[in-house]
Each structure stands twice: as C-alpha cells, then as structure tokens.
1. Given region 24-139 reduced to its alpha-carbon atoms as identical point scatterers, what log10 I(q)/I(0) does the Debye formula return at q = 0.14, 0.20 Å⁻¹?
2. Going through region 246-336, which GluC sites (Glu not before Pro) have at most 16 other Cβ atoms within 10 Å and a DSSP loop state?
3. What pairs from LYS96/LYS267; LYS7/LYS310; LYS96/LYS310; LYS2/LYS213; LYS126/LYS213; LYS126/LYS299 go past 25 Å between their alpha carbons?
4. Normalised by the number of residues in region 1-75, what is the relative contact order in percent for Cα pairs under 8 Å and 6+ residues apart?
5. Rounded to the nearest 500, what is the chain's calculated 222 nm mean residue ellipticity when only DSSP H runs of at least 4 contribute -39500 (n - 2.57) each, over all residues?
6. Keeping all protein chains in position, work out how much accessible area TYR107 exposes to a 1.4 Å probe, and write it in Å² to the nearest 10.
7. Find the accessible area per residue for region 221-268; the probe is 1.4 Å, ligands and nucleic acids are left out, and the unit is Å².
8. Using only the alpha carbons, work out the radius of gyration and Dmax of the chain in angstrom.
Amino acid sequence: MKLATLKQGGRDGTLVVVSRDLTRCRAVPAIARTLQAALDEWEACEPQLRQVYEALNSGALESQPFDPAACHSPLPRAYQWADGSAYINHVELVRKARNSEVPASFYTDPLMYQGGSDTFIGPRDKVVADERWGIDFEAEVTVVTGDVPMGATPDVAARAVRLVMLVNDVSLRNLIPAELAKGFGFFQSKPSSAFSPVAVTPDELGEAWRDAKVHLPLIVDLNGKRFGHPNAGEDMTFNFGQLIAHAAKTRALGAGAIIGSGTVSNKQGNLWGSSVDNGGVGYCCLAEVRTYETIEQGKPVTPFMHAGDKVRIEMVDAEGRSIFGAIENVVAPFAG
C-alpha cells in the first residue's frame, strides 16, 4: 500500500491513497483525514485503506492524478524523528579523515540523534540555507512505527514498522564542528528534512524487505548526474529493528515515530574506485566524497551545495519502477 499527504486541508495536509504506479490517488476522509490519524488507529484504518488501494489499482474507483509536487512529506510534522548512523563505513571514513579511531562500542551500540520534527519540507520544496553553512544532502531510508513499548526487543520493534520512506536529511556541515565541540549534539546544523512523496507498507517492497532492511540501491543524482547508487541493504550494521529498539530503550515510542538509517554507505575501494564514474557505487552525501579526498589528497576538493544546485533521491524496483517517488530539492539562498 502507498500513502501520501497533499498540501491541502490544513497544516497536516490531506491523506491520500496512491496507486502502485504512482499515477493516481484518492483522498479518504471517511477513513482518516491525515496520515497521523491513520497511524493512531492503524488496526482499524489499515484494512480500510488497503481496500481503497486494491480498488484504486484495479481501476474500480474514481481518482485524481497524483502530483508529487503537490505533496507534503508524508508526515508534514511528527511527534518523533530520530536518525541513526547504521552504516559504520560512513563513520569509519569520517573518523579516518580526522585521524581518530572508531570506538569499539560503535559496532554494538548504534549512534542516534534526535532531530527537529515540528516542520519538515516537501519532497519538491526548496532547501533554504546560507552557502557559508556548508549545505549537504544525506540520502537515507526511514521507517515509521506504530506504538513501541519501552524496552522492546529488536524483534518486537521490527514488527512495529508500519511504513517505509526515503529522506534527504539536510546537514549544514560547517556548523557541525562548533556544535559538537559543546558536547551537546546537533541542533542548528540539522535543519528541516525532506521525505519521499510516498510512504509504503513493507509488503510493497516484496523480497527487498527482509531482516528489517531494504535491499535495493538508493539512487542519488546531483545536478542531473549520477552521484551514487549504494545498496541500502548492504553494510548496514544495525537493522531497523535494532535502531527502533535502541530508541525505545528508556522510553516508549508513539505511533508515527520516524527512525532513520543514517547516510547509506557501502564499503568500497579508494577515492579513485569509489565514484560512479570509475565503476564504484558512489555516495549518498557530499561529506563522504570530501572525506575520501581528505584521506588521499590531504584536503577536500568537492564543494558543498550552492544556490541552484539540485539533488534527486529515488529507489526503483527490479523492473525499474519508482517505489516512493523522487525527492527533488533545489537549494535557495537564505535572505536573512
């Protein structure tokens, strides 16, 4: 099943069921006005939404064209947005560039930060920021949970996954060092994120959803050129069950909590062999290629994003059909 939120009907938008081929949609106010309302009563709403989905795919229902540009992020705001760093290769590279070791605990205890979730931007909205802040994209996979009890095991946590999405977790790299130096984590350096136009139930992924991971390439284009396509199921040290359980260690999670994978990153060779142009799988953020450059050339060469730059993030199935729709964010200058 595929769900989206249109930019109409108030700040939390209007929930629509979207056809499998992402061409048609139908609002379902009699079932749930918003996605959060559906998640709050998932056991009652899910079967009804699925009936609409099946009828929509068969052509048995009146519908309207689906336009990703008319969408909010599936949850325009959320009670919880916690982003992990499940791909240790990404952490290892960053640490190596700083000439520091990865603590042993990082391989057994996930990294996670609590992001701002009161406002997300739409999948086709602009990223508004000052270029001096070091604007970067981070392509990731995320899940949306139902209620998760405090102390849930990874198996219990994995069963709480209701939906899967993609995200552009925007980072302002030049603000990060000073914030982390304070010893209190990210805040100004992590602005609003943009999620995929559509959220899908795990069954839509078929065999690609297994072991609480999505085993498909995550495709990233920068200014119309392929930047990366690493496989999200490979080199993921912690699966979503483990990430959710980590978040729920000392608190219960409410329905609609979003948990992120962190930047997707596959282990590969050196700078020369890791880029798409040279046969590698490339990268899901600028920081990673800049890290390779620092390790091998002594300094980064690739710039961060400028006004007018465009990142596109998408995932397709085995037949090449878009699963979530594409995130397409263009950078716009912050006027102050």
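1. Once normalised to I(0) and log-transformed, intensities are -0.87, -1.19.
2. GLU319
3. Pairs exceeding the cut-off: LYS96/LYS310; LYS126/LYS213; LYS126/LYS299.
4. 38
5. On the way: 8 runs with 69 residues, N = 336.
For the chain, the value works out to -5500 deg cm²/dmol.
6. The accessible area of TYR107 comes to roughly 100 Å².
7. 35
8. 19.2, 61
The values are calculated or read from the model by the stated rules, or taken from the named source; none is laboratory data. Predicted model, so just to flag it, every value in this text is computed and none were measured. Cβ atoms come from the backbone with ideal geometry, glycine included; neighbour counts cover every protein chain shown. Note: areas computed on protein heavy atoms with side chains; ligands, DNA, RNA excluded. Shrake-Rupley method; radii C 1.70, N 1.55, O 1.52, S 1.80 Å.
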